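Every number in this text was worked out from the coordinates using simple rules, so none of it is lab data. Every value quoted in this text rests on a predicted model; they were computed, and no experiment measured them. Positions of Cβ are backbone-derived with ideal geometry, glycine not excepted, and every protein chain shown enters the neighbour counts.
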Amino acid sequence: MKLLVICGSPRKESYTRILTKLAFDYAKNKSYDTTCLDLGKVDIEKFRGLEEEYNKATNDAIKLIENSDVFIISSPVYNGVFSSAIKNLFELVNYKALEGRFAGFIIMSGGTISYLQVQGQLQALMNYFRVISNPRSVFVSTDDFDENMELKNEKIKERIEKLVDDTIRLKGYS
């Protein structure tokens with residue numbers, strides 16, 4: 001079983017990246033075969049069509065997605081929608097390649113108003129790929145962090161750990 005944790009934030013300093021790292025570290029410590037794909041640190045090209053040639057980083061990201069069984073996708077909320085970096089990443093993937101996979105979501109927002117909207121958008125994206133989504137996402141806001149970008153709400157860690165375990169359990173692994 002291969003788990004891919006995706007950080008959908010293109011920003012260098014990002015709350016989403018901190019949350020992604022929590023999920024990744026937890027999964028690695030549980031001895032899951034885990035890889036992290038950080039869209040803010042990888043030179044993934046913009047989608048130009050499936051017939052186009054892409055750079056090595058883009059092709060490696062496509063293979064990584066297609067060879068993973070479970071995804072934990074962390075996305076910031078930008079203007080009421082999920083990260084365009086995530087949308088671009090999945091546009092590069094053949095929709096037939098992911099059927100039967102599973103995904104869980106960590107959604108980071110500046111406020112609490114747009115969580116369910118973004119969860120629905122991510123679920124719709126996964127539905128297109130016939131990926132089964134964990135119905136329980138982890139919702140986090142800037143209120144859960146202190147002024148130094150350190151997580152002050154310890155329950156968030158527990159919820160991320162439960163999301164990872166539950167999403168893997170959906171796939172039939174324990």
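Pull out a ≥ b ≥ c, the square roots of the eigenvalues of the alpha-carbon gyration tensor of the range 1-76, then state rounded if a/c is under 1.5, prolate if not and a/b is larger than b/c, and oblate in the remaining case. Note, shape of the range 1-76 comes out oblate.
Extension gain for Asp143-Glu66 works out to 24.2 nm (0.36 nm per residue, less the C-alpha to C-alpha distance).
Taking a sphere under 13 Å around the Cβ of Lys56 and counting the other residues whose Cβ falls inside, with K and R at +1 and D and E at -1, yields a net charge of -3.
The phi torsions of the range 104-114, fed into the Karplus equation with coefficients 6.51, -1.76 and 1.60 and a -60° offset, translate into couplings of x, 10, 10, 10, 10, 9, x, x, 10, 7, 10 Hz, rounded to whole numbers, with Gly and Pro shown as x. Compactness of the range 93-148 is given as radius of gyration and Dmax, 13.6, 44 Å, from Cα positions.
What residue among Val77, Val42, Val140 has the largest mean-square fluctuation in a Gaussian network model of the chain, using Cα springs under 10 Å? Comparing Val77, Val42, Val140 in the GNM, the peak value goes to Val42. The GluC sites (Glu not before Pro) found in the range 42-131 that occupy coil by DSSP, while having at most 13 further C-beta atoms within 10 Å, are Glu51, Glu52, Glu53, Glu99.
Here, the range 2-170 yields an orientationally averaged convex hull projection of 9.2 nm² when only Cα atoms define the hull.
Work through the residues other than Tyr78 whose Cβ is under 12 Å from its Cβ and net out their charges, Lys, Arg +1 and Asp, Glu -1. Counting the neighbours of Tyr78, the net charge comes to +2. Close amide-amide hydrogen proximity is noted between Ile6 and Leu37, Ile72, Ile73, Ser74, each under 5 Å apart and 5 or more residues distant or on a separate chain (H modeled in the peptide plane; Pro and chain starts excluded). Among beta bridges identified by DSSP and lying wholly in the chain, the antiparallel ones come to about 10 percent. The GNM of the chain, with springs linking C-alpha atoms under 10 angstrom apart, assigns the highest mean-square fluctuation among Ala61, Ala27, Ala124 to Ala124.
By the helix-only formula, in which each DSSP H run with n ≥ 4 contributes -39500 (n - 2.57) and the sum is divided by residues, the chain has a 222 nm mean residue ellipticity of -12000 deg cm²/dmol.
Kindly provide the chymotrypsin sites (Phe, Trp or Tyr not before Pro) of the range 1-98 that DSSP labels as loop, not H, G, I, E or B, and whose Cβ sees at most 12 other Cβ atoms within 10 Å. Sites meeting the loop and neighbour criteria: none at all.
For the chain, the longest stretch holding no trypsin sites (Lys or Arg not before Pro) located in a DSSP loop with at most 14 other Cβ atoms within 10 Å is which? Segment 49-129 is the longest.
Extension gain, Lys56 to Glu13: 0.36 nm times the residue separation minus the Cα-Cα distance gives 13.0 nm.
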